[in-house]
Amino acid sequence: MTSIRLPVLLAIVALSVGVRLGPYVFGAHHVDPGSMAYPWNFSPILALSLFGGALYASRRLVYLVPLATYLLGDVGIWVVTGRADWALYAGQPVVYLAVALVATCGFLMRGKRSWGRLAGSGLLAAVGFFVVTNFAVWASGGGVRYPMNVAGLIDCYVQAIPFFRNSLVSMAVFLPLLFSPVALRDRSLVPRWQHSPVRS
């Protein structure tokens, strides 16, 4: 934890919670937030999870920070809307598991940080989150929205592509910030461009 500037970490955590609460604060008291035009999944939470796996000295904090941040968002949704069913939902354990898997992807960068590896890990983490959470949406839906067959599963993934796009954009925005001298006290931790050796 000593590697990251505490004000930056707190700002990212606060932004993660704020982004989750945004649609509920702005008009969701009477309207289902799922019907609102909002950049769902554009959030620093996945980048923060990946960052922790790569740099936190304590492995407990690797999972505690992103999961506690997500939990704060869920509790905040309950407080703001008074709707426990929006804060505590059937697929919630799977979402938390997916966040933990993203944090685990960060371990791939321990001691081997480069911008290429960072981009690859960010892509892998976003794909993993997309695959796991949307499979859970399909599997737990009982066929109400998506039929319980291959076509229904494919349709579920297709409908979630805008969310996946927003996850990728947020990774592209927040990963470079978290792994920059703005956030890191030790510049030696900033990833470097590594060129493959030329073979003759």
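The values are calculated or read from the model by the stated rules, or taken from the named source; none is laboratory data. What you are looking at is a predicted structure, and each value in this text was computed from that prediction instead of being measured. We place every Cβ from the backbone using ideal geometry, glycine too, and count neighbours over all the protein chains shown. Quick note on the areas: whole protein, heavy atoms, side chains included, nothing else; ligands and nucleic acids left out. Shrake-Rupley method; radii C 1.70, N 1.55, O 1.52, S 1.80 Å.
Tabulated values for the structure
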{"item": "Candidate set from region 93-118 (those that are more than 16 Å from residue 55 (Cα to Cα) and among the β-branched types (Val, Ile, Thr)); member that is farthest from the chain's Cα centre (by Cα)", "result": "94"}
{"item": "Verdict on residue 182 being under 15 Å from residue 51 (Cβ atoms) and not in a helix (DSSP H, G or I)", "result": "yes"}
{"item": "Within region 61-84, considering residues that are of a type in the set (Gly, Ala, Ser) and part of a helix (DSSP H, G or I), the one modelled with the lowest pLDDT", "result": "84"}
{"item": "Residue list for region 112-147, filter: of a type outside the set (A, V, I, L, M, F, W, C) and either part of a helix (DSSP H, G or I) or open to solvent by 70 Å² or more (accessible area, probe 1.4 Å) (or both)", "result": "112, 116, 117, 120, 121, 122, 128, 133, 134, 140, 145"}
{"item": "Yes/no for residue 100 being among the aliphatic types (A, V, I, L, M) and surrounded by fewer than 19 Cβ atoms within 10 Å (Cβ to Cβ)", "result": "yes"}
{"item": "Which listed residue is open to solvent by less than 70 Å² (accessible area, probe 1.4 Å) and modelled with pLDDT of 90 or more, from 87, 11", "result": "11"}
{"item": "Any pair with Cβ under 6 angstrom, 6 or more apart, that starts in region 154-166 at a residue that is within 10 Å of residue 41 (Cα to Cα) and ends at one that is part of a helix (DSSP H, G or I) and open to solvent by less than 80 Å² (accessible area, probe 1.4 Å)", "result": "164/130"}
